[in-house]
Amino acid sequence: MKRIYLYELKRLLWNKFFIGLLLVTLFYGGHVLQNETLLGVADTAPFSPWSFGAYLGRMLPLLWVGALFFLTFFTGAAQKRVAALTDATPAPPRRYDLARLAAAATGAALLGLAA
């Protein structure tokens, strides 16, 4: 299962859309951090829990888009073409799906850590 997990993670992380989404997330996160969080939110200190919560609230929609992308990446047209090959593997389909879900969760976590 480790090989399947690593293969799916590699396939997910080296996708052009993920790299573009990562760059947009880093740019937007830097912009929000520099122009709003460091100035303070609602007359608070720059790194107070209130301003950090406001930062996360502004980043959350972009992170959800990334998580939804990861899940649709495994259900798209390209995956349907590969389904005949993956169904022929000796691994049970449930374990294969869990490995793919773990790869998607890892990708979402990496995107969240980048933000």
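Just the number, please: carbon plus sulfur as a percent of the accessible area of the chain, 1.4 Å probe, no ligands or DNA/RNA counted.
Values: 5540 of 7750 Å².
Whole-percent figure for carbon plus sulfur exposure: 71.
Using a probe of 1.4 angstrom and keeping all protein chains present, the accessible surface of the chain works out to 67 square angstrom per residue. Evaluating 6.51 cos²θ - 1.76 cosθ + 1.60 at θ = phi - 60° for every residue in segment 2-13, the Karplus couplings come out as 4, 5, 5, 4, 5, 5, 5, 5, 5, 5, 6, 6 Hz, glycine and proline recorded as x.
Of PHE74, ALA103, PRO93, which is farthest along the charge dipole of the chain in the positive direction, counting Lys and Arg as +1 and Asp and Glu as -1 at C-beta? It is PRO93, whose Cα lies furthest towards the positive end. Using bins of 5 Å that start at zero, the share of Cα-Cα pairs per bin across segment 65-115 amounts to 4, 20, 24, 23, 15, 8, 4, 1, in whole %. With Cα atoms as the point set, the radius of gyration and Dmax of segment 10-55 evaluate to 14.3, 45 Å.
Along each principal axis, taking the top coordinate minus the bottom one, the Cα set of the chain gives 60, 23, 18 Å in descending order. Placing +1 on the Cβ of every Lys and Arg and -1 on the Cβ of every Asp and Glu, with no other charges, gives segment 14-115 a dipole of roughly 480 debye about its Cα centre.
The values are calculated or read from the model by the stated rules, or taken from the named source; none is laboratory data. Just so it is clear, the structure is predicted and the values come from calculations on it, not from any experiment. In this analysis, Cβ positions are derived from the backbone assuming ideal geometry, glycine residues included, and neighbour counts consider all displayed protein chains. We work out accessible area using only protein heavy atoms, side chains counted, and drop any ligands, DNA or RNA first. Shrake-Rupley method; radii C 1.70, N 1.55, O 1.52, S 1.80 Å.
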